[in-house]
1. So, in the range B:264-281, exactly how many residues are touching a residue at least 24 places away in the same chain (Cβ under 8 Å) and either out of contact with any helix residue (DSSP H, G or I) (no Cβ under 7 Å at 6 or more places or on another chain) or over 19 Å from residue B:429 (Cα atoms) (or both)?
2. Out of all the residues in the range B:452-463, is one or more basic (Lys, Arg), in a strand (DSSP E or B) and farther than 30 Å from residue B:306 by Cβ?
3. Filter the range B:80-128 for residues that are basic (Lys, Arg) and either modelled with pLDDT of 95 or more or closer than 18 Å to residue B:48 by Cβ (or both) and give the result.
4. Filter the range B:168-192 down to the residues that are more than 10 Å from every other protein chain (Cβ to nearest Cβ), touching a strand residue (DSSP E or B) at 6+ places or on another chain (Cβ under 8 Å) and within 25 Å of residue B:125 (Cβ to Cβ) and list them by number.
5. Any chance you could count how many residues in the range B:326-347 are touching a strand residue (DSSP E or B) at 6+ places or on another chain (Cβ under 7 Å) and closer than 19 Å to residue B:273 by Cα?
6. For the range B:476-488, indicate whether the set of residues that are in contact with an Asp or Glu (Cβ under 7 Å, 6 or more places away or on another chain) and touching a residue at least 60 places away in the same chain (Cβ under 8 Å) is non-empty.
7. What number goes with the only condition from (1) under 20 Å from the mean Cα position of the chain (by Cα); (2) aliphatic (A, V, I, L, M); (3) within 14 Å of chain B (Cβ to nearest Cβ); (4) in a loop (DSSP other than H, G, I, E, B) that residue A:103 does not pass?
8. Would you please name the residue that is surrounded by the fewest Cβ atoms within 10 Å (Cβ to Cβ), looking only at residues in the range A:47-63 that are more than 7 Å from chain B (Cβ to nearest Cβ) and within 17 Å of residue B:170 (Cβ to Cβ)?
Amino acid sequence: MLDKSYYQKVDEIINIHGKTKAALIPIMQDIQAEYKYLAPELLTYVAKEIGVTEAKAYSVATFYENFSFEQKGKYVIKVCDGTACHVRKSSTILSKLYEELGLSKDKHTTDDMMFTVETVSCLGACGLAPALTVNDEVHPAMTPEKVSTLVKELRGEANE
Amino acid sequence: MEYMTIDSRLVPIEGEKNILAVIRKAGIDIPTFCYHSELSIYGACRMCVVEDDRGRIFASCSEQPRPGMVIKTNTKKLQQYRKLIIELLLSSHCRDCTTCTNNGMCDLQSLAYKVGVHAVRFLNNKEQLPLDMSSPCIVRDPNKCILCGDCVRTCAEIQGVGAIDFAYRGSKMQVTPAFNKCLSETDCVGCGQCRVVCPTAAISIRTNVTEVWDAINDPNVRVVAQVAPAVRLAVGDRFGIPKGENSMGRLVTALRMMGFDEVYDTNFGADMTVIEESTELAKRLESGEKLPLFTSCCPAWVKFLENKYPEFADNVSTCRSPQGMLSATIKEYFKKKDEEEGKTTYVVSIMPCTAKKAEILRPDNFTNGRQDTDIVITTVELIRMIRQVGIKFSEIAEEAADMPFGYASGSATIFGITGGVTEAVLRHLSDDKSHNSLNAISISGVRGNDNFKELTAKVGERDVKIAIVHGLARAGQLLEDIKAGKAQYDFVEVMACRRGCILGGGQPYEEGHNTRSARTEGIYKADRMTPVRYTSENPNLKLVYDEVICGKEHELLHRNLKN
């Protein structure tokens with residue numbers, strides 16, 4: 001059960017975009033921007049408020065890779081696996097991250113809710129390949145060693 | 001007149017919205033999975049592709065006919081194209097045809113045969129998903145889904161429910177309720193219209209045939225059947241009997257051959273409903289309370305109203321459905337006999353409807369904690385049982401149903417079609433019980449295929465405003481209008497399925513396009529051919545009210561609303 005404050009925030013977001021079916025995607029985007037993820041309860045609530053079926057809202061939310069029903073960690077690391085990054089061995093970057101953080105293809109977020117690791121198809125930073133972002137900050141020309149250092153730094157920063 | 005050329009022949013264009021309709025008019029049964037004339041056009045299955053004179057290939061369902069157009073429907077290129085589509089569909093489809101509930105009735109199966117796919121070159125590496133058996137009405141098997149979206153559009157556009165939709169994308173796409181919930185956790189009303197349009201067995205009827213055989217084979221059980229009005233017009237479809245013909249006589253014989261102890265007619269329950277509902281309407285008109293009165297015969301409609309418009313719950317008639325009334329009365333009728341003989345009476349209700357399977361489980365349909373209807377089987381399941389026994393349905397002699405619940409008026413028969421309940425109630429409330437009165441009522445606006453009809457009828461001194469709706473999406477719209485004060489009625493009849501029970505979720509749908517008109521004509525013919533047309537003239541009613549019901553109308557014939 002989510003706290004009442006979530007629904008108040010969502011009401012604010014709905015008011016900005018209006019109670020129309022067409023507002024579904026912008027509302028979902030704003031909720032995700034606010035909480036880094038789209039809580040299922042909130043999607044159900046939005047669907048009811050703007051008059052689309054829950055199944056339709058779920059349909060739209062699952063169509064776009066960008067929307068996530070899972071709560072994200074403090075640091076969201078997006079590893080680029082576009083063509084340029086892929087040929088420059090982004091897969092070793094990803095496996096190093098998985099190893100360091102104890103994550104896998106099916107487990108995206110650490111239990112302490114610190115890190116979430118995702119892959120993206122292209123960050124548009126092909127000249128910097130292989131690249132990754134930490135909460136939208138770009139880290140270029142990554143190597144497995146640099147990944148270890150980065151994780152250490154982020155952990156240290158969090159502990160301060 | 002404007003013309004287009006289809007397969008080298010000139011075909012007139014007469015206002016068709018798409019080329020597909022023109023092609024079918026020209027006598028070519030072009031294959032489709034995702035096209036239904038009553039739904040929006042989706043254009044996903046690509047089976048209806050045609051080739052124009054420049055070699056361009058496009059879907060005929062989503063292209064307007066234009067004068068002078070030249071198209072071909074069966075070129076070598078198109079044949080290969082269709083074959084490949086079917087092969088690809090089959091590549092990710094569960095291919096256990098011999099054990100599939102839809103074996104022999106599957107569009108995918110028959111189209112694979114028609115277009116000549118004899119082998120599938122691709123391996124099915126799709127992840128197998130669990131079946132959804134949570135609903136008492138329908139079963140969802142996602143492994144058999146070909147993603148045509150017919151169920152999604154039917155549920156949203158015709159029924160206004162939208163319990164299921166597409167989720168995910170690309171190779172991971174599925175049709176599912178939100179958050180992969182079970183159907184029972186959604187607003188699904190169990191109408192089964194998704195199953196009607198499903199070309200495979202991805203959505204099928206939840207079958208209860210085994211339970212019925214178990215009861216028949218138990219010597220301590222008195223197995224009693226009741227047959228709904230719409231069943232008799234559809235059951236013959238699979239046995240070579242002309243569409244829309246009344247097979248009640250054969251059905252009674254077949255049920256007796258199968259081992260049923262008593263065979264009754266749900267129409268008798270409908271006659272009781274006419275009496276109870278007319279009384280209720282008269283009372284509410286007098287007091288002016290809880291108007292409009294909504295009919296309660298259709299369980300999918302009742303559930304829809306409860307889910308989405310609970311504020312109208314008091315407006316729904318307190319009457320049980322004809323099925324519910326008759327089952328309670330049958331149980332009462334055999335109560336003493338059962339005690340004497342040490343038997344139990346088991347009521348099997350044969351219905352055109354999947355939602356009836358859920359209705360019998362509702363506590364408000366119980367009598368003192370007793371479930372009155374023990375099991376519901378649909379027309380489709382009954383056909384399967386007749387086949388299991390090997391009865392040659394078209395050859396057997398006709399017999400009459402058992403008394404006292406085997407005789408009913410013509411008014412009861414038309415409960416199976418939209419407008420029928422209203423027509424029956426108007427007949428009952430009319431002081432003039434003549435032929436002329438029957439005709440006058442039949443042309444008063446109660447009949448016809450429109451999904452919304454309104455009329456004003458004179459009951460006594462008063463003008464009664466009536467609305468007749470089929471399709472729950474339209475019913476939802478009506479409730480919105482009533483809520484907003486834009487519309488005002490005294491009596492509203494709603495049936496969830498388009499055109500009523502004759503096209504219910506449990507009915508067979510054979511090839512050909514005249515099923516709707518044949519059943520419509522068939523049901524009105526059955527009414528015309530019944531010697532007693534007015535409920536009040538059914539001689540058995542008085543007997544049953546006097547000797548079985550004995551003043552317990554409230555307990556047996558109305559919903560138990562306190563629990």
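1. 4
2. So far as the range B:452-463 goes, yes, one or more of its residues are basic (Lys, Arg), in a strand (DSSP E or B) and farther than 30 Å from residue B:306 by Cβ.
3. Answer for the range B:80-128, where residues must be basic (Lys, Arg) and either modelled with pLDDT of 95 or more or closer than 18 Å to residue B:48 by Cβ (or both): B:82, B:83, B:114.
4. Result: no residue meets the conditions.
5. So the answer is 6.
6. Taking the range B:476-488 as the starting set, the residues that turn out to be in contact with an Asp or Glu (Cβ under 7 Å, 6 or more places away or on another chain) are B:487.
From what is left, the residues that are touching a residue at least 60 places away in the same chain (Cβ under 8 Å) are none.
The answer is no, given that none of the residues of the range B:476-488 is in contact with an Asp or Glu (Cβ under 7 Å, 6 or more places away or on another chain) and touching a residue at least 60 places away in the same chain (Cβ under 8 Å).
7. It is condition (3) that residue A:103 fails.
8. Looking at the filtered set, the residue picked out is A:60.
The values are calculated or read from the model by the stated rules, or taken from the named source; none is laboratory data. Bear in mind the structure is a predicted one, so any value in this text is a computation, not a measurement. Quick reminder, even Gly has a Cβ in these numbers, built from the backbone with ideal geometry, and neighbours come from all protein chains shown.
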